[in-house]
Amino acid sequence: MKRILLPLLVIIVMASGCIEISGNQSGLMQARISDHSFFIPNDDITVEADVYPTTVIGGKDVSVTFSVTNNMPSESVTDVKIEVYDECLLDIGDEDSKEYDEIKSNVTKGWDWKWTTFETYHKRDCNIGFRTYWSSIHRGTQDIIVLSPTEYDARYAAGTLSDLTAYSSYTENPLKVTISFLDEQPYQNGDDIYMYIDYKYGGLGDIISLESGDVSIKLTDSLSISEGDKVPLPEQPGIFKVCSGIYLFNQESNELSLNKELKFIDKEAPQTTCVFKAKDSEEVINSDTITFEAKYKYQLDNSLLVRIEPK
């Protein structure tokens, strides 16, 4: 996991029919996209392909070399599928997709496709369209610090409240789920705590939505759900709608689970607000950590250009 220090800086440069992406905080190599090849390093996987020859007489074969690499140090990617969604003037037969149930961390899967072009009476620029799907999990933590009233007042008077630092951490994924608060930490016993959950993603592909159950948040024992933000479900004892119904709260496990689909627009989903109460505690300084994970499905579209000429 990585400490949150600076916002992600992304610079996109377009020139001479190529796209380069630089400034990736994770230190990945630059993306390279041209007419006949692409190399796209996301935070979780890298997709790479090229076609040869780039110009061919109709009726001859072309070869496509394709590879997918899991960049993550410990997490697998699952449900990986690469499909040809636009075969243009190619006879690809049944060789139109490749699937892997799982690609483990730091593993590359590569293969070659060989297809025959159709004959044409005129010169044709043929874009072969590829779509890559995969699933993975984004994980993160957020510290929360609650003080006794006496400790809070003493530190406030001494000007040392800022000496207590609440840290955040996250795994490197295209999806970024972050937790923030209305008021600065630390809190004191009995405080109302407004927590915000934000959902964003990056990269050249898309996450369409987060579905019910995709996000789970393990709360700390120092927090209780505000009674005004808590609706019981009679048919499920111990389960409550919270955060304006966006999440379900399981009282036994002390966990939140996403209860509604969240759709992304311009790579952001609507922010969620949850209201808690800082529990009274005998501890002078109660420091604990909220943990969360978000499952996501990512898709990436690319194409390779082949020029087909008549005999």
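The values are calculated or read from the model by the stated rules, or taken from the named source; none is laboratory data. Quantities reported herein were computed from a predicted structural model and do not represent experimental measurements. Don't worry about glycine lacking a Cβ; one is built from the backbone with ideal geometry, like all the others, and counts go over all protein chains shown.
Would you list the strands (runs of 3 or more DSSP E) that sit entirely within the range 152-271 and hold 1 or more residues that are more than 22 Å from Asp44 (Cβ to Cβ)?
Hits in the range 152-271: 175-181, 192-201, 215-218, 223-225, 230-232, 239-242, 247-250, 255-258.
Would it be correct to say that Glu211 is more than 30 Å from Arg155 (Cβ to Cβ), touching a strand residue (DSSP E or B) at 6+ places or on another chain (Cβ under 9 Å) and touching a residue at least 60 places away in the same chain (Cβ under 8 Å)?
No; evaluated as a whole, the condition is false for this residue.
Of the conditions (1) modelled with pLDDT under 95; (2) surrounded by 19 or more Cβ atoms within 10 Å (Cβ to Cβ), Val80 clears all except one; give me its number.
Answer for Val80: the failing condition is (1).
Please go through the range 91-126 and pick out each residue that is in a strand (DSSP E or B) and farther than 20 Å from Ser67 by Cβ.
Matches in the range 91-126: Asp91, Thr116, Thr117, Arg124, Asp125, Cys126.
Considering each of Gly190, Gly213 in turn, give the residue that is closer than 16 Å to Lys279 by Cβ and in the same structural domain as Val284 (by TED's automatic domain parsing).
Gly190
I need the full set of residues from the range 192-215 which are surrounded by fewer than 18 Cβ atoms within 10 Å (Cβ to Cβ) and not aliphatic (A, V, I, L, M), in order please.
Selection gives Asp192, Tyr194, Tyr196, Asp198, Lys200, Asp206, Ser209, Glu211, Ser212, Gly213.
What number of residues within the range 68-123 satisfy the criterion of being within 30 Å of Arg139 (Cα to Cα) and among the aliphatic types (A, V, I, L, M)?
7
Hey, can you tell me all the residues within the range 224-243 that are in contact with an Asp or Glu (Cβ under 8 Å, 6 or more places away or on another chain) and either surrounded by 14 or more Cβ atoms within 10 Å (Cβ to Cβ) or among the β-branched types (Val, Ile, Thr) (or both)?
Listed by number, the residues that qualify are Ser226, Val242, Cys243.
Do you know which residues across the range 140-151 are assigned to a strand (DSSP E or B) and farther than 30 Å from Asn42 by Cβ?
Ile144, Ile145, Val146, Leu147 - these are the residues of the range 140-151 that are assigned to a strand (DSSP E or B) and farther than 30 Å from Asn42 by Cβ.
Does Cys274 count as at positive phi and crowded, with 16+ Cβ neighbours inside 10 Å?
Judged against the criteria, Cys274 is not a match.
Using the structure shown, decide if Ser135 is under 21 Å from the mean Cα position of the chain (by Cα), more than 30 Å from Tyr194 (Cα to Cα) and in a loop (DSSP other than H, G, I, E, B).
No.
What residue, among those in the range 272-297 that are assigned to a strand (DSSP E or B) and charged (D, E, K, R), is farthest from the chain's Cα centre (by Cα)?
Going through the qualifying residues, I end up with Lys277.
Could you check, for the range 298-310, whether at least one of its residues is in a strand (DSSP E or B) and closer than 24 Å to Asp143 by Cα?
No.
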